[in-house]
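Inspection log for the structure reproduced underneath, given as structure tokens.
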Amino acid sequence: MSRPRVLVVEDERIVSFLLTRTLEAAGYSVTAVDDGLDALEVGMTEDFDLVLLDQRMPGLLGLEVLQRWKAAGRPFPVIMVSGITGEADVIQALEVGAVDYIRKPFSVQEVVARVKVRLLGVGP
Amino acid sequence: MTEAIRYLLIGLTATFGVVAGSLFVVKAIRRRLRGRLRRRKNRFIDMIGELVVRGEWNARVFKRYASDPMFREVMLEYLRMIAGADRQHLVEVTRGMGMVSEYTGELRGGDRNERVRAAEALAEIADPETLPDLVFALADSVPEVRIQAAAALANIGEGRAVKSLLVALDKQDEGSAQRLADALYGFGSAAVEESARYLTGSGKYRPLVARTLGLIGDIQAEDALIQALDSTDQALRIRAAAALGRAGTPRSVPYLLELLGDDQWEVRAQAATAVGRRMDQRGVPWLKRALSDGAWWVRHNAAASLVEIPGGREALRLALDHPDPYARDAAAAVLLSSGMAGDAMGDLTSDDPLVRNPAMDLVMKLIRAGKGAFFVNEGMPPEMVRQLHHGGQTVR
């Protein structure tokens, strides 16, 4: 069985590094991009089992990327990761189609636990 | 003469060339240095990240780079980015590196810039063991140090620091007091008990603290806020009334209703809004009366609150027949802005007379109250607006 594929979209190098390395250590195959436009393209052309998507990024906002993926029928679940913690922002992200919303700063172990829950049945 | 000009031009060209060349070289060196610094920083990010992922909190590298300013900067960035157990471990690591003791030393004895920098760093680290140093810094002569120390205390979040923060608050100018109040808000519910006690005293910034208690929204502040409604300080009554809109329970409603008769219109206006936030039906007759208040803000807030309270919307419809034109105008304005008028316009074409007739009644009254332009803008033919204004007709 191949390892589940996770896309990490995050422009903060520290956050991106921590998520990528922790998920790799947990047995996932991770692709990381640091720009909204790159994320849009990668998500349109490659298949993932899950996406961790930052909201504030250069190029394109996370929510816009999510909207375009949904409009194009991209099937993977998306967890939003954001320092914007207003109730309205969380609700908006969930309405657009995010399956979960993680507020920054976050516990890396908690993020991995949430990813595992979402990928139950997919492995690793 | 011509020869002299020629030499002058050659000289100027040469000088320009030397200056441009030098600038180019300086720029290139700076670019290279920036690139080198960025690479070095990225190396530290990866190095620390790897240790965090592996949980190697005793790694020698932390000691090796303990005095490196860039390594320290990256450590602080990590502390800003992560939460939970990993953060706790990193705080302990910064302690082990001597960063914490160095910053607390600077905070107590450094020059102005060192104290500001130390307070900022300690705000990032948020180590509970630095609490006495941060309380000490609340009395610093530099406002930015005091503000950063207050932020650090809020990040630590231990309620025992709140009293010190409130004592310091009274010694601030208005600008700094606002920033300290922001820090107070950062404590959340841990700030409520001491802040409520502050309200019952004679503190200089009681209105600001009342506002902060409203933002925190913890009902444990209710008693102190209700008590503050009796204050002779108008600003405190205004803030306390507004705060009870967020931090009150049904118990505070009768006090807010009484406040609708306050001498000051700002107090009445805040009370009207707070009653709406409580969504308590007891407020409907009081708010209906407030539609005739002499102050526009009170009328407007009362109408806006009636939209929120069960039974209030019907009261707003009825207010369109109010003998006071100001009350009619306040009701009509809110019926428009709340979307009720737009909904009624949509219901005009309903097959169900129980839906259509009340909608017709509302639209006609709004048009007669001078709001015809709203319906024209929403797409109603001007001729129909005119007909409805002059007695109405069945619209199908």
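Values computed for the structure shown
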quantity	calculated
Relative exposure of B:R54, A:R5, B:R299, B:R60, judged by other C-beta atoms within 10 Å (fewest first)	B:R60, B:R54, A:R5, B:R299
Separation of alpha-carbon centers, the range A:50-100 and the range B:166-213, rounded to whole Å	37 Å
Nearest 10 degrees, 0 to 90: helix B:174-186 Cα axis against chain B principal axis	90 degrees
The range A:1-66 - percent relative contact order, Cα under 8 Å, separation 6 or more	41 percent
Percent RCO, i.e. relative contact order, over chain B, from Cα pairs under 8 Å lying at least 6 residues apart	6 percent
Stokes-Einstein diffusion coefficient of chain B, Kirkwood radius over Cα pairs, 37 °C, 0.692 mPa s, in µm²/s	123 µm²/s
Residue exposure sequence - A:S82, A:S2 - by fewest surrounding Cβ within 10 Å	A:S2, A:S82
Average partner coverage of A:11-24, which counts Cβ from other chains inside 10 Å	5
Ordering of B:211-224, B:85-98, B:375-388 by packing [mean C-beta count within 10 Å, highest first]	B:211-224, B:85-98, B:375-388
Spatial separation of Cα centroids for the range B:1-22 and the range B:89-165, in angstrom	58 Å
Summed residue charge, Cβ within 12 Å of B:E308's Cβ, Lys/Arg positive, Asp/Glu negative	+2
Value at 222 nm in deg cm²/dmol, rounded to 500, when DSSP H runs of n ≥ 4 in the protein assembly as shown each add -39,500 (n - 2.57)	-20500 deg cm²/dmol
Among A:R114, A:R103, A:R13, residue whose mean-square fluctuation peaks in a GNM of chain A (springs only between Cα atoms under 10 Å)	A:R13
Over the range B:1-117, relative contact order from alpha-carbon pairs under 8 Å, at least 6 apart, %	18 percent
Stokes-Einstein translational diffusion, the range A:70-124 - Kirkwood Rh over all Cα pairs, 1.002 mPa s, 20 °C, in µm²/s	175 µm²/s
Candidate aspartates and glutamates - alpha carbon under 17 Å from B:K365, same-chain residues fewer than 8 apart omitted	B:E314, B:D321, B:D324, B:D329, B:D343, B:D347, B:E378, B:E383
Reach of B:K204 by Cα under 23 Å, taken over lysines that are not fewer than 8 positions away in the same chain	B:K163, B:K171
Proximal lysines relative to A:K70, as straight alpha-carbon distance under 27 Å, when same-chain residues fewer than 8 apart are discounted	A:K104, A:K116
Overall Cα dimensions of the range B:1-100, principal axis frame, Å, largest first	82, 22, 20
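A short reminder: the numbers here are calculations on the coordinates, not readings from a lab. Small disclaimer: the values here were computed from a predicted structure and weren't measured. Glycine gets a Cβ as well: all are built from the backbone with ideal geometry, and neighbour counts include every protein chain shown.
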